[in-house]
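Q: Sharing a structure here in C-alpha cells format.
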Amino acid sequence: MRLSPLTFAFAALTLVATSAFAQDTVFTWVDSGGVRHYSQTPPEGVAYETRSIRDRAVGTEATAALPAAPARAADQQVCDRAKLSLEQLQSNTPLEMDKDGDGKPDPLTAEDRAAQTRLAEQAVRAYCTPAQ
C-alpha cells in the first residue's frame, strides 16, 4: 500500500497535535484529618477535585522561569491550616490527636509531635508560596 504525501502529512500532523495536548488527570481530596491525597483513580465516597497534568518536553537548554500561578483558594486553606498546625506543634502546649481512629484523642508523644511537625513543614513547603 502506497501513502500519498497528503495522507502522510495528515498523519504526522495528527500525531504532533495529540502529543502536544497529552495530559493525565489526577484526583485530589482532603481527608478528615486535613491531609491532602493524590491518586490516578477517584476515591469512593469522598468529595474530590480533578487536576490535569500536562507532559512537557524536556530539553537541554535552560528555560526561563515560569511566573508563579496564583494560589487556588483550596491550596490557601491548606497552607493556612499547615501554618497553624506547625505553630501549635512548635509550642510547649500539650496536644492530643486521635491516632487509632476510635474517636478519642490521645496525648502526642515527643515522637508523634516530631512526625506531625515534619508533615506540617512539608505541607507549608508544598502549599504556601514563599511570600506568605
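Q: Which ones in region 23-48 are surrounded by 10 or more Cβ atoms within 10 Å (Cβ to Cβ), acidic (D, E) and more than 27 Å from L84 (Cα to Cα)?
A: Result: D24, single match.
Each row is one residue, and each column tells you yes or no for (1) of a type in the set (S, T, N, Q); (2) at pLDDT 90 or above.
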residue: T25; (1), (2): yes, no
residue: H37; (1), (2): no, no
residue: T63; (1), (2): yes, no
residue: A71; (1), (2): no, no
residue: K83; (1), (2): no, yes
residue: T109; (1), (2): yes, yes
residue: A123; (1), (2): no, no
residue: C128; (1), (2): no, no
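Q: Given the condition surrounded by 10 or more Cβ atoms within 10 Å (Cβ to Cβ), aromatic (F, W, Y) and modelled with pLDDT under 85, answer yes or no: does some residue in region 5-16 qualify?
A: yes
The values are calculated or read from the model by the stated rules, or taken from the named source; none is laboratory data. Keep in mind the model is a prediction, meaning the values are calculated, not measured. A quick note on method: Cβ atoms are made from the backbone with ideal geometry, for glycine too, and the neighbour counts reach across all protein chains shown.
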